[in-house]
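Inspection log for the structure reproduced underneath, given as structure tokens.
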Amino acid sequence: MKFLTSILLATSLLAGSAVADELRDKAVAAFKPLPSTLPAVKGNVVTPEKIALGKALYFDPRLSASGVFSCYSCHNLTTGGDDNLETSIGHGWQKGPRNAPTSLNAVLNEAQFWDGRAEDLKAQAKGPVQAGVEMANTADNVVKTLTSMPQYVEWFKAAFPEEKDPVSFDNMAKAIEAFEVTLLTPAPFDAYLNGDDAALSDAQKKGMALFIDKGCASCHNGVNVGGHGYYPFGVVEKPGAAILPEGDKGRFAVTKTADDSYVFRAGPLRNIAITAPYFHSGKVWDLKEAVAVMGTAQLGATLNDDETTAIVAFLESLTGKLPEITVPQLPAETATTPRPTAEVVKK
């Protein structure tokens, strides 16, 4: 009898192991863990000096015309790398048109912004600085501001030692990109992909299996669990105007191609549990509701409460640990530093 019991126990353990291995095989095929070293970026060698300069610039509100808004304003590193607003507030307290994406792990995206109009973080860094509804500044005024402060001039020289005139709008963007490269957040999800079965709970594993089997991973896959590929919002069933505003046609504004109407880049899902509200419109605040909307809109599937609960549990395993970041002490203004303005220029 003891022998039979041992055989049954061994068989049960082997079966459980086979199921676990099958799920891991599926997960490894669909996703990738974060890299163990900082990823390289095209046309921008990342150095400690460049990272330090980029951190200062990321936090500096004087890159905005008003002296009020910085990159950090809309991409708050203490609240998931975004601002937790429906859409961001910018220059002259204007309300922007779209929800702010997280800057955490953004270097892993195929392109930046919901419509992919910026090919990389360098290009992305230039956009908000010059956007009238965001920071409302000009490239020339940014350079004038930075060169007015001797400490910034020294930092730019250290970050770009091979250049005769290192303080430039392009180099500002390169430095911010270098800092953002460091914003990787390893999560329990990564530990699981790397072989640690105990990193995820049974509920999270169930949710991962559903996420893969239901088809969510067909768009939200890879190292950032999304962040690449462009898809219509409403592959099967178009959401109502409350979630999908008719006036925002997504990637169409970039390509001017009719097929790109209401097409958006697949959102990266790392840290999604702490970056509400959801979607480009920021109209959904509850993650379970967002999962249900994606089920009907993208998959044509009505997910029940148990399924949405399990998928949310899996998504919570994507919440990672932020690298320790100290607030930089920024250079002081001088008599030649351009004065802030709150004037809103109407076009």
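The values are calculated or read from the model by the stated rules, or taken from the named source; none is laboratory data. These figures come from a predicted structure and were not determined experimentally. Neighbour counts are summed over all protein chains in view; Cβ atoms, including those assigned to glycine, are modelled from backbone coordinates with ideal geometry. Quick note on the areas: whole protein, heavy atoms, side chains included, nothing else; ligands and nucleic acids left out. Shrake-Rupley method; radii C 1.70, N 1.55, O 1.52, S 1.80 Å.
Taking helices (runs of 4 or more DSSP H) that fall entirely within the stretch 110-217, which contain at least 1 residues that are within 30 Å of residue 334 (Cα to Cα) and either open to solvent by 10 Å² or more (accessible area, probe 1.4 Å) or small (Gly, Ala, Ser) (or both)?
Hits in the stretch 110-217: 121-130, 139-147, 150-159, 169-181.
Considering only residues that are in contact with a helix residue (DSSP H, G or I) (Cβ under 9 Å, 6 or more places away or on another chain), polar (S, T, N, Q) and open to solvent by 30 Å² or more (accessible area, probe 1.4 Å), which ones fall in the stretch 44-77?
Within the stretch 44-77, 47, 73 qualify.
Among the residues of the stretch 231-249, which ones are assigned to a loop (DSSP other than H, G, I, E, B) and touching a residue at least 24 places away in the same chain (Cβ under 8 Å)?
233, 234, 235, 236, 237, 238, 239, 242, 243, 244, 245, 248
Can you say whether residue 40 is of a type in the set (A, V, I, L, M), under 13 Å from residue 178 (Cα atoms) and without any contact (Cβ under 8 Å) to a residue 40 or more places away in the chain, as far as the supplied structure shows?
Answer is yes for this residue.
Inside the stretch 264-304, can you point out the residues that are closer than 13 Å to residue 102 by Cβ, assigned to a helix (DSSP H, G or I) and either among the basic types (Lys, Arg) or open to solvent by less than 50 Å² (accessible area, probe 1.4 Å) (or both)?
The answer is 272, 273.
Collect the residues in the stretch 22-42 that are open to solvent by 50 Å² or more (accessible area, probe 1.4 Å) and under 21 Å from the mean Cα position of the chain (by Cα), keeping them in residue-number order. Outline the logic, then answer.
Let us first name the residues in the stretch 22-42 that are open to solvent by 50 Å² or more (accessible area, probe 1.4 Å), namely 22, 25-26, 28-29, 32, 35-38, 40, 42.
If the condition is that a residue be open to solvent by 50 Å² or more (accessible area, probe 1.4 Å) and under 21 Å from the mean Cα position of the chain (by Cα), then 32, 35, 36, 37, 38, 40, 42 are the ones that fit.
Just to be sure before I move on: is residue 228 closer than 19 Å to residue 99 by Cβ, open to solvent by 40 Å² or more (accessible area, probe 1.4 Å), touching a residue at least 40 places away in the same chain (Cβ under 8 Å) and not hydrophobic (A, V, I, L, M, F, W, C) in the structure I sent?
Here the answer is yes, as residue 228 does meet what is asked.
For the stretch 92-102, does any single residue satisfy the condition of being buried (at least 17 other Cβ atoms within 10 Å of the Cβ), in contact (Cβ under 8 Å) with a residue 40 or more places away in the chain and touching a helix residue (DSSP H, G or I) at 6+ places or on another chain (Cβ under 6 Å)?
No, there is no match, as no residue in the stretch 92-102 is buried (at least 17 other Cβ atoms within 10 Å of the Cβ), in contact (Cβ under 8 Å) with a residue 40 or more places away in the chain and touching a helix residue (DSSP H, G or I) at 6+ places or on another chain (Cβ under 6 Å).
Scan the stretch 85-109 residue by residue and report those that are part of a helix (DSSP H, G or I), over 24 Å from residue 170 (Cβ atoms) and not small (Gly, Ala, Ser).
93
Keeping to the stretch 53-84, report how many residues are out of contact with any Pro (no Cβ under 8 Å at 6 or more places or on another chain) and among the hydrophobic types (A, V, I, L, M, F, W, C).
The total comes to 4.
Would you mention how many residues in the stretch 72-82 are assigned to a loop (DSSP other than H, G, I, E, B) and either in contact (Cβ under 8 Å) with a residue 60 or more places away in the chain or under 12 Å from the mean Cα position of the chain (by Cα) (or both)?
The number of residues fulfilling the criteria is 5.
Hey, can you tell me all the residues within the stretch 314-347 that are within 26 Å of the chain's Cα centre (by Cα), hydrophobic (A, V, I, L, M, F, W, C) and farther than 24 Å from residue 181 by Cβ?
Those that are within 26 Å of the chain's Cα centre (by Cα), hydrophobic (A, V, I, L, M, F, W, C) and farther than 24 Å from residue 181 by Cβ: 314, 315.
Conditions (1) of a type in the set (A, V, I, L, M); (2) in contact with a His (Cβ under 9 Å, 6 or more places away or on another chain), marked per residue:
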{"residue": "95", "(1), (2)": "no, no"}
{"residue": "101", "(1), (2)": "no, yes"}
{"residue": "104", "(1), (2)": "yes, yes"}
{"residue": "112", "(1), (2)": "no, no"}
{"residue": "117", "(1), (2)": "no, no"}
{"residue": "129", "(1), (2)": "yes, no"}
{"residue": "134", "(1), (2)": "no, yes"}
{"residue": "141", "(1), (2)": "no, no"}
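Note down all Cβ pairs under 6 Å where the first residue falls in the stretch 305-333 and is touching a residue at least 60 places away in the same chain (Cβ under 8 Å) and part of a loop (DSSP other than H, G, I, E, B), the second is open to solvent by 40 Å² or more (accessible area, probe 1.4 Å) and of a type in the set (S, T, N, Q), and they're at least six residues apart or on different chains.
What qualifies is 331/151.
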